[in-house]
6 protein chains.
Amino acid sequence: MTQENFSAANLTHLDRQGQAQMVDVSAKQPTVREAIASGRVRMQADTLAAIQAGNAPKGDVLGTARLAGIMAAKQTSNLIPLCHPLPLQKVEVQITPDPELPGYQITATVRTKAETGVEMEALTAVSVAALTLYDMAKALEKSMQIEAIHLVSKTGGKSGDYAVIGNG
Amino acid sequence: MTQENFSAANLTHLDRQGQAQMVDVSAKQPTVREAIASGRVRMQADTLAAIQAGNAPKGDVLGTARLAGIMAAKQTSNLIPLCHPLPLQKVEVQITPDPELPGYQITATVRTKAETGVEMEALTAVSVAALTLYDMAKALEKSMQIEAIHLVSKTGGKSGDYAVIGNG
Amino acid sequence: MTQENFSAANLTHLDRQGQAQMVDVSAKQPTVREAIASGRVRMQADTLAAIQAGNAPKGDVLGTARLAGIMAAKQTSNLIPLCHPLPLQKVEVQITPDPELPGYQITATVRTKAETGVEMEALTAVSVAALTLYDMAKALEKSMQIEAIHLVSKTGGKSGDYAVIGNG
Amino acid sequence: MTQENFSAANLTHLDRQGQAQMVDVSAKQPTVREAIASGRVRMQADTLAAIQAGNAPKGDVLGTARLAGIMAAKQTSNLIPLCHPLPLQKVEVQITPDPELPGYQITATVRTKAETGVEMEALTAVSVAALTLYDMAKALEKSMQIEAIHLVSKTGGKSGDYAVIGNG
Amino acid sequence: MTQENFSAANLTHLDRQGQAQMVDVSAKQPTVREAIASGRVRMQADTLAAIQAGNAPKGDVLGTARLAGIMAAKQTSNLIPLCHPLPLQKVEVQITPDPELPGYQITATVRTKAETGVEMEALTAVSVAALTLYDMAKALEKSMQIEAIHLVSKTGGKSGDYAVIGNG
Amino acid sequence: MTQENFSAANLTHLDRQGQAQMVDVSAKQPTVREAIASGRVRMQADTLAAIQAGNAPKGDVLGTARLAGIMAAKQTSNLIPLCHPLPLQKVEVQITPDPELPGYQITATVRTKAETGVEMEALTAVSVAALTLYDMAKALEKSMQIEAIHLVSKTGGKSGDYAVIGNG
């Protein structure tokens, strides 16, 4: 895990005057970088059961959410103002039912060969997959919650690798 | 709070064959509809302090996140596959520091005059504001978590109003 | 079927100087309008069999194409330079295997309440669903063809209804 | 022409569970890749004559369709869910009248230096140019058909070159 | 011409805390509203002559700039953070050579039936048409200037009509 | 300063038939390229004073315009029809009050490592920042003008560096 340094000087999207800017990465080398993010959608057990039942024949609830997450990863630099536009070389979204929650666990893995990392792309994929799951099931239950969206790990790049300690 | 009915038949984005479709709302009346959603970004106390310090002169961390949320509300129907494209008549995003969390509380209010509601627009605004806050501060702390994104209330439309019981 | 009038004066997207413009529809009344378009993707029988087999457990080939068509309908006014941006109130895409072709038949139905019709939205949904089907199966066969994309019918609006004579 | 292998295992956008994913191309080398696609818009001879006449002074019908095709090539990864976002280094669209058809022949050539090919970009350019031609002339004739959209050739990349046998 | 009131309280996109928000227009009536904006691109006489010469056979320099302006009007609410997304019912861009300048005069007219006006859509259309003209001719001359982009007139809506005094 | 050559043959976005195309840059080498553009928004002294006053607590007027410019740079290839889509490695927008004007000076700096330059990205960032400033203050004064948008300098690439002579 990288050492954190809690200084406002590390708000790297702000210039010396405190103004938001897209920082210069042109001196960095393009290397293969990967980020994994995850999150979950918590719902009532009955809602989970209905989605699982409704999903059986065609898979369209989870399939739609997964595709929405993949497509959103490609929109990251249009959504997050200071993100660099990057080519993406892999985007994978997994959505698995978790009866203990109850609800769904969502994980996204994104890979690029670029001068900067893809944490935001992975987090965006998880967020939009979760929003789409909410949209698909909101006629059943409006009280679903999107929870625990966080970075699981990050590799590649000179700032060092990062991984959540524990079960991610 | 509306009565929930946990039947797969209520997965209203699926047709009778279980296929995802954008449902027909042309028989519904355009009325003023509002949705409020909220969520939070949890971080270490030092990270919150650094953002608050860095934010003082120019407000660009929170201002950037707020704008990103507003602009994302306008992209909702491009991000969520089965959402109807709607004119929006108000989008407001509030981000307030919460030292108890520690972190930030985010609330979005969206209003339209249309045949269908704007829950997804409000939830999307909160999600993208939270992602942007993460992006702005990730050089300080990668372990921030986006939490508790949920619908607070919804008014207008024939399906009845909805409000979270408790403090939302 | 409407009477056709083959005069260059009917190239309604051109002004008197022959310049492309987005024509004024502000004097027209918003009414419910629907358009249905269809097309097909022709492939080898073995390709069709492989997709049908691969599609069995999860439906992701056809489900992905269907969603891509629905989402593309919402992008029509960004893709077709002189199309008016419209709210859409229904988008439905059906993809059915046709062993005689062999390949897939694709049909899109789009509905709006607006001052102008949604023919282009329906045609765009069919085209992008077909392109996505090609993309999903191109590792199997590069010689697939997208064929017979046409308007099946159009209702609503003062220019009169339109329907293909025969089986559409 | 590459050897086709008709196994569902070759539906390369599906993972082992049959779920749609954007596949990993990070191990592939960026090389110059080109794809050429073509298609046509068939119409009545009178429609073709009117477009040619209307087009004479300013070229806006065909010019608009050509530009729409070029711009659509740049939107391919936003339209086709599992396409990788790529830099494009050349997009060219040609539209030529064909009195025998009668109608127009459309050809698009796209070039990149990337880890994966640009077939979908070329096919998308042809499709959107054809849709735009339809849009520009639909006040003259609604029965126009978009036909024979297919890949003409593809070069670069390790999977080998591909070319339609015959006249493409 | 409307009376100007130079108070910071009239920065209507800021709420009482000075935070940027998309203001609520849901209490306003949808009426037909039109805005006209103009601007110009100044260049050397030789550059103007070359564009006019190169433009003769096909019109693609000015035609491309005109289309880019029309399409950009439709992107206004995605570009200008606090603009409301609106249906547009007419967009017209005129580009005329001005040997006195020397260069081109650009005028855009936009019409909607909505709760708020389309000044920004007209100004955006002019700006992007001008940028595209620059792009098309920058190999000839890099010192071209985009000048005098301003609102010419605005009608409809309760805030009163507006028109530049003089020749606009 | 590069030598200008005023021949229609230098309208490099037109092919030999005068048709607009996105030219082939695949034979060019990717190098670090930078472009700086500037422009200004002229307004009445009272308007400037009101913005400066309203801006004091939170910075949202200028901050919003700056972010809009940064985000627009990333949309350049979607707005300008023949621009190549490029990765961007730095985008910086500065907006400074100029009491002499009176109004604001806007400067954008964009950097890439690519086969072609980023002049259009820098000019687009300036234009959209200026449009956003107009939008934020138009309730105060509709007669503001956007002026003198031009390229200040360009470095990198084989066509040679470029710089405005004088004060830029």
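The values are calculated or read from the model by the stated rules, or taken from the named source; none is laboratory data. Predicted model only: the values in this text are computed from it and were never measured. Neighbour counts run over all protein chains shown; Cβ positions are idealised from the backbone, glycine included. Surface accessibility is based on the protein's heavy atoms, side chains included, excluding ligands, DNA and RNA. Shrake-Rupley method; radii C 1.70, N 1.55, O 1.52, S 1.80 Å.
Here are some notes:
- Test: residue in the stretch F:123-140 that is among the charged types (D, E, K, R) and part of a loop (DSSP other than H, G, I, E, B): yes
- The set of residues in the stretch E:17-33 being open to solvent by 40 Å² or more (accessible area, probe 1.4 Å) and under 28 Å from residue B:31 (Cβ atoms) consists of E:23, E:24, E:27, E:28, E:29, E:30, E:31, E:32.
- Residues (within 10 Å of chain F (Cβ to nearest Cβ), charged (D, E, K, R) and over 13 Å from the mean Cα position of the chain (by Cα)) located in the stretch D:89-105: D:90
- Some residue of the stretch D:100-112 being buried (at least 24 other Cβ atoms within 10 Å of the Cβ), on the phi > 0 side of the Ramachandran plot and out of contact with any Asp or Glu (no Cβ under 6 Å at 6 or more places or on another chain): yes
- The stretch D:18-31 - residue that is more than 7 Å from every other protein chain (Cβ to nearest Cβ) and assigned to a loop (DSSP other than H, G, I, E, B) and, of those, nearest to residue A:33 (Cα to Cα): D:27
- Residue within the stretch F:106-122 that is touching a residue at least 60 places away in the same chain (Cβ under 8 Å), within 14 Å of chain A (Cβ to nearest Cβ) and in a helix (DSSP H, G or I) present: yes
- Filter pass, residue D:128 being at pLDDT 95 or above, within 14 Å of chain F (Cβ to nearest Cβ) and within 30 Å of residue A:121 (Cα to Cα): yes
- Among residues of the stretch D:89-99, those that are surrounded by 23 or more Cβ atoms within 10 Å (Cβ to Cβ) and not polar (S, T, N, Q), counted: 4
- Test: residue in the stretch B:92-107 that is under 15 Å from residue A:127 (Cβ atoms) and hydrophobic (A, V, I, L, M, F, W, C): yes
- Residues located in the stretch A:69-87, provided they are of a type in the set (A, V, I, L, M) and touching a His at 6+ places or on another chain (Cβ under 8 Å): A:82
- Scanning the stretch B:131-153 for residues that are more than 7 Å from chain A (Cβ to nearest Cβ) and over 30 Å from residue A:159 (Cα atoms) yields B:152, B:153.
- Pair list, Cβ < 9 Å and 6+ apart or interchain, from the stretch F:12-37 residues that are without any contact (Cβ under 8 Å) to a residue 40 or more places away in the chain and of a type in the set (A, V, I, L, M) to residues that are open to solvent by 60 Å² or more (accessible area, probe 1.4 Å) and not in a strand (DSSP E or B): F:14/E:58
Condition check ((1) aliphatic (A, V, I, L, M); (2) closer than 25 Å to residue C:140 by Cβ) across all residues:
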| site | (1), (2) |
| --- | --- |
| D:85 | no, yes |
| D:107 | no, yes |
| D:118 | yes, yes |
| D:122 | yes, yes |
| D:143 | no, no |
| D:147 | no, yes |
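- Per-region count, the stretch A:131-164, residues under 19 Å from residue A:97 (Cα atoms) and open to solvent by less than 30 Å² (accessible area, probe 1.4 Å): 16
- Only listed residue being within 26 Å of residue A:66 (Cα to Cα) and either of a type outside the set (Phe, Trp, Tyr) or without any contact (Cβ under 8 Å) to a residue 24 or more places away in the chain (or both), chosen from B:67, B:86: B:86
- For the stretch E:34-88, the set of residues classified as open to solvent by 20 Å² or more (accessible area, probe 1.4 Å), over 16 Å from the mean Cα position of the chain (by Cα) and modelled with pLDDT of 95 or more consists of E:42, E:44, E:45, listed by residue number.
- Among the residues of the stretch F:143-159, just one is within 8 Å of residue E:145 (Cα to Cα) and among the β-branched types (Val, Ile, Thr), namely F:149.
- Residues in the stretch E:1-16 that are facing chain F (nearest Cβ under 7 Å), open to solvent by 20 Å² or more (accessible area, probe 1.4 Å) and modelled with pLDDT of 75 or more: E:14 only.
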